[in-house]
Amino acid sequence: MEQMKEKFSKLLLGEDMSGGGKGVSSALALSNVITNLAASVFGEQHKLAPMKEDSKKRWRKEVDWVLSVTDHINEFVPIQHTTRDGSNMEIKVTKQRKDLLMNIPALKKLDKMLTDCLDNFKDQKEFRYVSKDANESEKGVQRNDKWWLPTVKVPPGGLSDDSRKWMQKQKDCANQVLKASMAINAEVLAEMEIPDSYMETLPKNARDALGDTIYKGITVEFFDSGQFLASIDLSSEHKILDLKNNVEASMIIWKRKMHQKESRSSWGASAKMERRELFEERAETILLLLKQRFPGLPQSSLDMSKIESNRDVGHAVLESYSRVLESLANIVMNRIEDVLYADEVAQNSESNDSESGQVPTSATISDFMGWEGDQEET
């Protein structure tokens, strides 16, 4: 109870314990609580292993504290009421807001699925982790882009068939959590209003936001989203995020211009609106592909601006909870893929060793005796 009082006193003061009125909004304070809690409990999750019991208890307890706030975010809904004399009449009663009523239980279920997935690795014995600083003879395998993580050690011939199938099952579970939490997060962010502060930073036209090369790539007559992304440099997280920021900015600009010119009925204005609508759809397709291809991407400028300016407590809780689950699910999937990669390397190594040590079935006595003669010439 004392911990809960301390936690909510900070929330009421908007994280400004001085009482000087410099705190953030309640919505942002709740969002920050869930974000910071996830960071302290899960960390960077370098290994596939169960959560520590005290960490799991803390996570469940403090998440429930934050979610309890949403129990009191209600709306009026009409119901049929039968009076004492038997007549029916419509009255309104309070009920938890529809988006919270649907999504809070869904997120709790996804949360449990993910922690259960980590718990499943408690008794596995077919792979282990070795420090990246270990001797070369002891060191396992790690993907080139994950040099800072411990290496994965698997048996010489790779995982057993049963273990490999089991790992794939765990990956499918984490992927299910990832997709569901991504969908909820995207839906909530779409409901949040775009703040004026973000709109003021936008250039006047989409070409300035995208740059000539990307603008031409989106506005060509025959557009292919896959071909477009293949032509763009996506070699680093910074470049991917930069593309996402620019494409989102162009979408907002096209939408704003369409709304400004809706009242015009001339043929030329209608043609321009149709083109902008087409370009906006293409930009939306690009963003969707980026989200699917790079699920662990940091938040865009638009997303951060929405979260910071949001005043809806319900949206803040849904957005932050779904975001941390999305991030954790993506990390778990990556750790599983690390093990599967080490397994693939071990299988290939075993196969190469077998081929190099195998005697050709077509060998003759002359092959063993070193007789070359005319056979090589023929």
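Couple of notes before you dig in:
- Unmet requirement for MET258, which otherwise passes all of (1) in contact (Cβ under 8 Å) with a residue 24 or more places away in the chain; (2) touching a helix residue (DSSP H, G or I) at 6+ places or on another chain (Cβ under 7 Å): (1)
- Filtering segment 41-53 for residues that are open to solvent by less than 70 Å² (accessible area, probe 1.4 Å), at pLDDT below 90, among the small types (Gly, Ala, Ser) and closer than 30 Å to ILE331 by Cα leaves a non-empty set.
- Among the residues making up segment 306-330, those that are surrounded by fewer than 19 Cβ atoms within 10 Å (Cβ to Cβ) and in a helix (DSSP H, G or I) are GLU308, SER309.
- Matching residues in segment 258-295 - criterion: being outside any helix (DSSP H, G or I) and either of a type in the set (A, V, I, L, M, F, W, C) or modelled with pLDDT of 85 or more (or both): PHE294
- The listed residue being surrounded by fewer than 14 Cβ atoms within 10 Å (Cβ to Cβ), part of a helix (DSSP H, G or I) and of a type in the set (D, E, K, R), out of LYS216, LYS204, LYS171, LYS255: LYS216
- Qualifying position, being open to solvent by 50 Å² or more (accessible area, probe 1.4 Å), at pLDDT 95 or above and assigned to a helix (DSSP H, G or I), among LYS122, LYS109: LYS109
- Selection from segment 228-239 of residues that are without any contact (Cβ under 8 Å) to a residue 40 or more places away in the chain, part of a helix (DSSP H, G or I) and surrounded by 11 or more Cβ atoms within 10 Å (Cβ to Cβ): LYS239
- Residue identified as free of Cβ contacts under 8 Å to residues at least 12 places away in the same chain and within 28 Å of SER322 (Cα to Cα) among ASP208, ASP172: ASP172
- Residues (surrounded by fewer than 18 Cβ atoms within 10 Å (Cβ to Cβ) and among the β-branched types (Val, Ile, Thr)) located in segment 174-201: ILE194, THR201
- From GLY140, GLY157, residue being under 21 Å from ASN348 (Cα atoms), open to solvent by less than 50 Å² (accessible area, probe 1.4 Å), touching a strand residue (DSSP E or B) at 6+ places or on another chain (Cβ under 6 Å) and small (Gly, Ala, Ser): GLY140
The values are calculated or read from the model by the stated rules, or taken from the named source; none is laboratory data. What you are looking at is a predicted structure, and each value in this text was computed from that prediction instead of being measured. Heads up, the Cβs are rebuilt from the backbone with ideal geometry, glycines too, and the neighbour counts pull from every protein chain shown. All accessible areas refer to the heavy atoms of the entire protein, side chains included, with ligands and DNA or RNA removed. Shrake-Rupley method; radii C 1.70, N 1.55, O 1.52, S 1.80 Å.
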